[in-house]
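The values are calculated or read from the model by the stated rules, or taken from the named source; none is laboratory data. Here the structure is a predicted model, which is why all the values come from computation and not from measurement. Note: ideal-geometry Cβ built from the backbone for every residue, glycine included; neighbour counts use all protein chains shown. Quick note on the areas: whole protein, heavy atoms, side chains included, nothing else; ligands and nucleic acids left out. Shrake-Rupley method; radii C 1.70, N 1.55, O 1.52, S 1.80 Å.
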Amino acid sequence: MADNTNVLVVEDEPAIVELVSYSLREAGWDIRSADTAQGAWESISRGKPDLVLLDWMLPDQSGLRLLARLRADRDFQDIPVIMLTAKSMEEDKIAGLNNGADDYVTKPFSPRELLARSRALLRRKSPHLAEAPLRAGAVTLDPNSCTVVVEGQQIEIGNAEYKLLKFLMAHRERVFSRAQLLDKVWGDHAVIEERTVDVHVLRLRKALKSADGLIRTVRSVGYMLSEK
Ligand code: CA
């Protein structure tokens with residue numbers, strides 16, 4: 001599997017950092033943040049992100065200055081950057097774009113819009129980050145748009161069920177215990193009981209409709225996705 005998309009959020013308002021981080025993590029991306037331009041520079045120097053979301057107004061210097069510094073640096077000039085700006089002044093948008101921003105969103109923005117703009121930018125600038133769709137039987141899962149299609153019809157699927165399905169499709173024909181699924185799908189932060197896995201499996205089967213037979217129960221062991 002491809003490494004997760006790595007996003008740096010440069011923003012000094014904790015509420016916005018939290019909102020953005022939460023939304024983008026839901027999309028399966030790795031998020032780190034910095035609350036100053038200097039902190040952002042240090043973070044980028046330690047590891048180049050796939051995308052930078054850059055606030056215009058930072059406590060130590062403007063986001064625009066940081067942007068100019070990135071664009072002047074041979075190693076960092078190609079990093080996709082979206083400016084987050086409270087300013088709606090046309091000349092500020094133009095200044096950002098002239099200084100090398102790839103796109104901008106004006107606060108207040110919806111997390112959904114930010115995610116859509118981020119995805120569009122990454123598709124445009126970093127097609128290598130796009131992951132191949134997963135297929136099993138009549139089911140196709142597209143990790144880039146986070147959509148699932150069964151027999152040509154896009155289905156409604158919850159976030160937890162989507163993550164579970166993606167994991168099982170990537171590791172088909174292998175049985176996982178409930179504890180393993182909790183660990184692999186929900187990660188260490190999850191404080192949920194093993195019984196919860198059964199609930200999500202139930203919902204996943206329901207969402208998959210005619211393809212529900214792909215998700216097998218292996219008695220006293222756990223679950224697997226099998227095409228056999
Ligand atoms: Ca700010």
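Here is how the numbers come out for the structure above:
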| read-out | value |
| --- | --- |
| Semi-axis lengths (Å, descending) of the ellipsoid that matches the C-alpha gyration tensor of segment 134-225 | 21, 14, 12 |
| Förster radius 22 Å - calculated FRET efficiency between ASN6 and ALA132, Cβ distance, rounded to 0.05 | 0.70 |
| Residue-level accessible surface for ASP12, protein heavy atoms, 1.4 Å, Å² | 60 Å² |
| Cross-link reach list, aspartates and glutamates versus LYS93, counting only Cα pairs under 13 Å and skipping chain neighbours closer than eight places | ASP55, ASP102, ASP103 |
| Approximate spin-label separation THR147-ASP183, in nm, with each point projected 7 Å along Cα-to-Cβ | 3.6 nm |
| Contact order normalised by residue count of segment 93-228, Cα under 8 Å, 6+ apart, percent | 20 percent |
| Principal-axis tilt of helix 194-208 within the chain, Cα atoms, nearest 10 degrees | 90 degrees |
| Cβ charges +1 (Lys, Arg) and -1 (Asp, Glu), total dipole of segment 1-119, debye | 180 debye |
| Cα-based Kirkwood hydrodynamic radius, the chain, one decimal, Å | 19.4 Å |
| Nearest-20 debye value, the chain charge dipole, Cβ charges on Lys, Arg, Asp, Glu | 960 debye |
| Helix-only mean residue ellipticity at 222 nm for the chain, each DSSP H run of n ≥ 4 adding -39500 (n - 2.57), per residue, nearest 500 | -11500 deg cm²/dmol |
| Within the accessible area of segment 6-128 (1.4 Å probe), percent carbon and sulfur | 50 percent |
| Gap separating the Cα centres of segment 48-100 and segment 150-228, nearest whole Å | 40 Å |
| Sparse-neighbour loop sites [GluC sites (Glu not before Pro); segment 163-228; at most 15 other C-beta within 10 Å; DSSP] | GLU173, GLU193, GLU227 |
| Residue-normalised accessible area of the chain, expressed per residue, 1.4 Å probe, Å² | 54 Å² |
| Reachable lysines, given that their alpha-carbon falls under 23 Å from the alpha-carbon of LYS166 and they are not under 8 places away in the same chain | LYS184, LYS206, LYS209, LYS228 |
| Nearest 10 degrees, 0 to 90: helix 14-26 Cα axis against the chain principal axis | 40 degrees |
| The chain, relative contact order in percent, only Cα pairs under 8 angstrom and at least six apart counted | 13 percent |
| Among VAL218, HIS171, VAL148 the positive-end extreme of the charge dipole of segment 83-228 (Cβ point charges) | VAL218 |
| Pairwise FRET efficiency - GLU193 versus ARG219, Cβ, R0 = 25 Å, nearest 0.05 | 0.80 |
| Cβ-placed point charges (K, R +1; D, E -1), dipole of segment 113-212 about Cα centre in debye, nearest 20 | 340 debye |
| Backbone N within segment 98-138 under 19 Å of label point (7 Å from ARG174 Cα along the Cβ vector) | 132-137 |
| Candidates TRP186, TRP29, TRP56: whichever shows maximal mean-square fluctuation once the chain is modelled as a Gaussian network with Cα springs under 10 Å | TRP186 |
| Dipole of segment 21-152 [Lys/Arg +1, Asp/Glu -1 at C-beta], most positive-end residue of ILE82, THR106, GLY137 | GLY137 |
| Cα-based Rg / Dmax (Å) for segment 6-128 | 12.9, 35 |
